[in-house]
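Down below is the structure, laid out as structure tokens.
Every number here is computed from the coordinates shown, using simple stated rules; none is lab data. Not measured: the values here are computed from a predicted model. Neighbour counts run over all protein chains shown; Cβ positions are idealised from the backbone, glycine included.
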Amino acid sequence: MRVRVEARGVWTGDPETPWASHAELADGLFAADSGDPSAALPLGDFWVLPGLIDSHLHLLMGGLSLARLDLSGVSTRAEFEAAISERASSLPSGAWLEAFGWDERRLGGVRPDASWLRMAGNRCAVAWRCDQHVALANERAMAGVDLSAQVPGGVIERAPNGTPTGIFIEQAAWRVLMPSIPAPSSNAKQRALHAAARHLAALGVTSCGAMEYLADLEGTLAPLAHRGTMPLRVFATILDRDRPLPFTRARALPTTATFRTIGFKSFADGTLGSSTAAMKSHFEDSAGSGELVEHAREGTLSAWMAEVLAAGFSPSVHAIGDRALDEVLRAAQSVDHDHRTRFEHAQIVDPASLAHFAGRTLSMQPFHKATDAPLVARRLGVAREDRVFRFREFVRHGAALAFGSDWPISSADPIQGMRTAITGAALDGRTYWTSQNLTPHEAIAAYTTGAAACLSSASHVGRIAPGFHADFVALDRDPLSCDWLDAPPKVVLTAISGRVIYDAIGATTDSTSTTR
Ligand SMILES: [Zn+2]
């Protein structure tokens, strides 16, 4: 069946002919105009774009987070405790209470300790900071872990009298605390992935670069994709970092129209919010300057990169601080001559390094600017404000931008991300470093064509052109001329492979069966 999508405007992603009046699709792909469609999808009041692509998120973690207690809205200890109390009362006895999203910046600068979880009662409780790099555990949860463990790159925080406060930082959270938290069942993971896909569909996301552990890809995600039951296109990057790298298992994963494994990930540092980003000079509000971690710390980053490239995968490296970013750049310059490395986050860059990013791909999350900008002046000092979230500078120096969210670390909403990239607006209501603002066209491109290129899929997704997957979204207003600050567009319909998976306007109630 050939379906004609009628719209007020169709933004194609093609620089030659950016606008069309309609699009035609057949068998899940966009098709050349036949002049003889058998059905119509009437979106005449709306603007149609290629499906939005999130270059970097954590699909399973995001899906699981939808079932965890969300503390991102709490701003006092009383609210924190009330939320814990309410959740605890709804859980079966003995079940862990899992929460996430707290942020000391919204708690008056106070970092919570184990006593904040007292309303969980005698069940185990753990609450992750919004960046997922710090975890808070209660006494009961700490009873199951080795508190004397020494973890390179991690800290088990202690009060002056030596008692653990409940705070586990970086590797201590991941390697000491996390193994004691019961893993979700395979059924729970399947439910979480479906919930994640529904959540993303309502936000207009049709493809994603998913950062996942190999066992989860093998056990849950790839089988779902193989059965065709995941309404989302997934380009997976493997988080497993133990050597030898599991290339054989990675290659054994199925490749389908909606699932492909594209790369491996490494971390070069931590985060700005946790003061663990690796900086060239120390933070203004603490004596430290962060630390390189993993391969970047051991001096093996270029060897790891070369190995990943030789195996046919793209290396994806988390780098937030200016020192970490330079370290990854140096490694890429020595071994990655085809520019396949994905520089993840790239939040702080030394201006002297900008020119060396020409032709390289920066996978950035503009909504991180909305959450982190208010913190930057205090943490980095005014003199270093010209190093953060340099969207415009990267473009000016010929780098390729691919946008994403890092969900569930940040909101998965690409419209919110675009709004920050276009206006500079942060969560405190102010706008920051507006000289770095992108045009709406550039921001949309970073979430479509740019993200597709980053995920090695520029000839399959991200554009409305014959032969591309028929993934598209409809917006309620013109994204190129609307007021992004006060009245950004809303996603009203999302389709993958020509199938509508989210419809807030009733466009599909009878229209797709309309034969003309
Ligand atoms: Zn991430």
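Where does each of K490, K265, K280 land when they are ranked from fewest to most other beta-carbon atoms within 10 angstrom?
K490, K280, K265
In whole percent, what relative contact order does the chain give with Cα contacts below 8 Å and a gap of six or more residues?
Relative CO of the chain lands at 19 percent.
Could you tell me whether the stretch 78-237 comes out rounded, prolate or oblate from its Cα gyration tensor? Rule is a ≥ b ≥ c as square roots of the eigenvalues, rounded for a/c under 1.5, then prolate if a/b exceeds b/c, otherwise oblate.
Taking the square roots of the gyration eigenvalues as a ≥ b ≥ c, the stretch 78-237 is prolate.
Pairs of alpha-carbon atoms within less than 8 angstrom and 6+ residues apart define the contacts here; what relative contact order does the stretch 1-137 have, in percent?
For the stretch 1-137, the relative contact order is 19 percent.
Report the label-to-label distance for R191 and T17 in nanometres (one decimal), using points 7 Å from each Cα along the Cα→Cβ vector.
Placing both labels 7 Å beyond Cα along the Cβ direction yields 4.8 nm.
Ranking W102, W96, W484 by Cβ neighbours within 10 Å, fewest first, what do you get?
The most exposed by this proxy come first: W96, W484, W102.
Pull up the cross-link candidates among the lysines for K369, meaning alpha carbon to alpha carbon under 25 Å and not fewer than 8 places away within one chain.
K265, K280, K490
Are there GluC sites (Glu not before Pro) in the stretch 1-57 that DSSP puts in a loop and that have at most 16 other Cβ atoms within 10 Å, and which ones?
The qualifying sites are E16.
Between rounded, prolate and oblate, where does the chain land on the alpha carbon gyration tensor, with a ≥ b ≥ c its root eigenvalues, rounded for a/c under 1.5, else prolate if a/b exceeds b/c?
It comes out prolate by the Cα gyration axes.
Angle check, please: helix 77-90 long axis (alpha carbons) against the longest principal axis of the chain (alpha carbons), in degrees 0 to 90, nearest 10.
70
Compute the relative contact order of the stretch 68-140 as a whole-number percentage, counting only Cα pairs closer than 8 Å that sit 6 or more residues apart in sequence.
Relative contact order of the stretch 68-140: 33 percent.
In terms of modelled amide H atoms, which long-range or inter-chain residues lie less than 5 Å from the amide H of W407?
Here the answer is H58, since their amide H atoms fall under 5 Å of that of W407.
For the stretch 187-228, how big is Rg over Rh, using alpha carbon atoms and the Kirkwood form of Rh?
Rg divided by Rh gives 0.96.
What length, rounded to one decimal in nm, is gained on full extension from E104 through to A358, with 0.36 nm per residue of separation minus their alpha-carbon distance?
Additional length available on full extension: 87.8 nm.
Restricting attention to the stretch 357-442, which trypsin sites (Lys or Arg not before Pro) occupy a DSSP loop and are surrounded by at most 14 other Cβ atoms within 10 Å?
Sites meeting the loop and neighbour criteria: R430.
With axes computed from alpha carbons, what is the tilt in degrees of helix 301-310 against the longest principal axis of the chain, rounded to the nearest 10 within 0 to 90?
For 301-310 against the chain, the angle is about 30 degrees.
So if I take the centroid of the Cα atoms in the stretch 421-476 and the same for the stretch 26-78, what is the distance between those two points in Å?
13
Quick one: T76, T17, T256, T448, fewest Cβ neighbours within 10 Å first, how do they rank?
T17, T76, T256, T448
Which length gain, in nm to one decimal place, applies between A78 and A143 when the Cα-Cα distance is subtracted from 0.36 nm times their residue separation?
20.9 nm
Where does the stretch 186-316 land on Rg/Rh, using Cα atoms and the Kirkwood Rh?
Radius of gyration over Kirkwood radius for the stretch 186-316 works out to 1.05.
How much length, in nm to one decimal, is gained on full extension between S481 and D113, taken as 0.36 nm per residue of separation minus their Cα-Cα distance?
Between S481 and D113, full extension yields an extra 127.8 nm.
Please report Rg over Rh for the stretch 390-516, where both radii come from the alpha carbon positions and Rh follows the Kirkwood definition.
Ratio of gyration radius to Kirkwood radius: 1.00.
Report, in degrees rounded to the nearest 10, the 0 to 90 angle that the Cα long axis of helix 186-202 makes with the longest principal axis of the chain.
50
Between rounded, prolate and oblate, where does the stretch 330-442 land on the alpha carbon gyration tensor, with a ≥ b ≥ c its root eigenvalues, rounded for a/c under 1.5, else prolate if a/b exceeds b/c?
Prolate is the answer for the stretch 330-442, as a/c is 1.5 or above and a/b outweighs b/c.
Summing Lys, Arg as +1 and Asp, Glu as -1, what charge do residues with Cβ under 15 Å from the Cβ of F403 carry, F403 excluded?
0
First measure r as the distance between the Cβ atoms of T163 and H339, then evaluate 1/(1 + (r/R0)^6) with R0 = 60 Å and state the FRET efficiency to the nearest 0.05.
Once rounded, the FRET efficiency stands at 0.75.
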